[in-house]
Structure formats: C-alpha cells, structure tokens
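Student: Here it is: the structure, laid out below.
The values are calculated or read from the model by the stated rules, or taken from the named source; none is laboratory data. For clarity, every value in this text was computed on a predicted model and none was experimentally measured. Methodologically, a virtual Cβ is constructed for each residue, glycine included, from the backbone with ideal geometry; neighbour enumeration extends over all protein chains shown.
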Amino acid sequence: MDHSITWSDFRTAVRYDPTSPLLLAVPAISAKRAEHSWLGEAVSLHTRVGDGEVHRREYERGTVYWTERHGTALVHGMVRDIWTLLGGERSALGLPVADVQFDATNGEFSGCFEHGSIVWSPALGPTISVAVPATSAADALVDGGDLEAVGGPNADLAPAT
C-alpha cells in the first residue's frame, strides 16, 4: 500500500521524530530533481512505498526513488517503462540502485536494479538480466565493472501481480 506524504506528515516527522527517514528522503529526492531539470514538473507527492522505508516522487519524464540503503536513483525512458511493465519495485529486479545511464558508444540505456539490469537500445530493444543482488551502485562496480548476468535475457520474468 502506497501512502502519499503530505506537508502535515513532513511537519509531524520534523516535530516528533528527528531520525525519520522522511527527513532524508525529501531533500535527497529534491536534490536529484534539481540536477536533472529535464525531468519536468512533479506529477505526484513524495510517496512512501509499501511498509518499508522506500520513498519515490514521480515527475513528467522520470521517477526518483530513495532508500537509506541505496540513496537516490533516477529511472526514466524505456528502462522505466519496461521495469514498470515487469512490476516495478515489486518485480524480480527489485528497486533501482543507480541512475539510468546512456552509453553513447553503442546507443544503449541501462538501468541497474537490486537483482539485475535492463539494457535498452532503439536498434536491439530490451535485454533483461537477473544477477547477483547489488546493495548499491558502488557495490555493482566493485569487481571491475558491470553486473554479471545469470544466463541471457530471462523470458520468465513475468509482471508481478
């Protein structure tokens, strides 16, 4: 169950719980948005996802997620659309752990998630790989590069219901 966070919620968190993750999430999400003005205007309030300490805010051209464990991550474009079709944060891929990146050399967009990745290019379409879980963008690069895919694209990834 998602819960929209109101100004009253924020004031209550400030007043009664100075250790609330909400006090970290709202400024972190806002700072990420400030770095990427092309995201456009917000189309949702800051929202806590489920019962966990995951927060998100949707903009016209992307969504910013925040967790204490991963920090902020920006998901946009076809990577976001594919991930959403798979079930988004409830999918087998889990939450985003890094911003969607564009590789100009091969024209690919790639998104790194807790349990895998999505790579998309206009020429080749999507490749979805399930991988060893990463705990952050830095962890995904510790062993010299990209997440290692377990096999090839996984056609068994059905949308979560």
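Student: Going by the structure shown, is SER30 assigned to a loop (DSSP other than H, G, I, E, B), modelled with pLDDT under 95 and among the small types (Gly, Ala, Ser)?
Tutor: no
Student: Further, regarding this structure: So for the range 83-101 (the condition being surrounded by fewer than 16 Cβ atoms within 10 Å (Cβ to Cβ), modelled with pLDDT of 70 or more and part of a strand (DSSP E or B)), does at least one residue qualify?
Tutor: yes
Student: How about the range 49-82: which of its residues are outside any strand (DSSP E or B) and at positive phi?
Tutor: Those that are outside any strand (DSSP E or B) and at positive phi: GLY50, GLY77.
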